[in-house]
1. Would you call residue 102 closer than 26 Å to residue 60 by Cβ, touching a strand residue (DSSP E or B) at 6+ places or on another chain (Cβ under 6 Å) and away from the ligand (no atom under 16 Å from the Cβ)?
2. Which of the residues that make up the range 16-33 are more than 16 Å from the ligand (Cβ to nearest atom) and without any contact (Cβ under 8 Å) to a residue 60 or more places away in the chain?
3. Can you go through 136, 144 and tell me which one is within 18 Å of residue 105 (Cα to Cα) and either surrounded by fewer than 17 Cβ atoms within 10 Å (Cβ to Cβ) or within 16 Å of the ligand (Cβ to nearest atom) (or both)?
4. Any residue at all in the range 173-180 that is within 10 Å of the ligand (Cβ to nearest atom), farther than 14 Å from residue 26 by Cα and modelled with pLDDT of 95 or more?
5. Just for helices (runs of 4 or more DSSP H) wholly inside the range 162-216: which have at least 2 residues that are in contact with a helix residue (DSSP H, G or I) (Cβ under 6 Å, 6 or more places away or on another chain) and under 19 Å from residue 1 (Cβ atoms)?
6. Residue check: is residue 122 without any contact (Cβ under 8 Å) to a residue 12 or more places away in the chain and part of a loop (DSSP other than H, G, I, E, B)?
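The values are calculated or read from the model by the stated rules, or taken from the named source; none is laboratory data. This structure is a prediction, so every number in the text was calculated from the model and none was measured. Cβ sites come from the backbone with ideal geometry, for glycine too, and all protein chains shown count toward neighbours.
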Ligand code: G3P
């Protein structure tokens, strides 16, 4: 499973990229706004920090506007993936930009039928939002499993990019359900390595090593 970081904070991205565990980045207008920096400048910088896809989202809501903004975003760097909302206009723009060779990430997906449409429109990625479904008492993980089955039934190569991930357990369940990518806030990625028994075990090993005077 690929790991994307869901943030526009370049300091966090640079720090995580150093681990060699990060395959790409996702942003959205809310995250860009939080960075407080100009859109194109921050996307360009992020594209230089990771080799993989960097999702940059349009703000137009009509097909023509989305296509024009998408072309502009795609020119920022080769690894930009244009993020479009899952609306009829977004699906039409997805078809046009995908046919031009631009990777499109169709976002704000909350149903299996929406995911089916995105695959048919040529999307490189579909972004189902797990946490926001859980928030309204709907099982977000069931959506990931349903999309996996549908895409496998018809051999669609659109990648399932599980988004709105809030906890390490979401990550495990996404991996079990066969999501291709999980995009996570930096805090969730960092939490994946934590286990109290690891800390306890290490403490005991180091204490024994010190007592015995072990040097490597
Ligand atoms: O990748 C989408 C993500 O940024 C949304 O997360 O926690 O606002 O639902 P959240």
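1. On the way: closer than 26 Å to residue 60 by Cβ: yes; touching a strand residue (DSSP E or B) at 6+ places or on another chain (Cβ under 6 Å): yes; away from the ligand (no atom under 16 Å from the Cβ): yes.
Taking the combined requirement at face value, the residue satisfies it.
2. Our first condition is that a residue be more than 16 Å from the ligand (Cβ to nearest atom); within the range 16-33, this holds for 17-21.
The answer is 17, 18, 19, 20.
3. Details: 136 fails: within 18 Å of residue 105 (Cα to Cα).
Going through 136, 144 in turn, just one is within 18 Å of residue 105 (Cα to Cα) and either surrounded by fewer than 17 Cβ atoms within 10 Å (Cβ to Cβ) or within 16 Å of the ligand (Cβ to nearest atom) (or both): 144.
4. Residues of the range 173-180 within 10 Å of the ligand (Cβ to nearest atom): none.
Within the range 173-180, not a single residue is within 10 Å of the ligand (Cβ to nearest atom), farther than 14 Å from residue 26 by Cα and modelled with pLDDT of 95 or more.
5. Numbers: elements: 168-177, 186-191, 196-212.
The helices (runs of 4 or more DSSP H) meeting that bar are 168-177, 186-191.
6. Numbers: without any contact (Cβ under 8 Å) to a residue 12 or more places away in the chain: no; part of a loop (DSSP other than H, G, I, E, B): yes.
No; evaluated as a whole, the condition is false for this residue.
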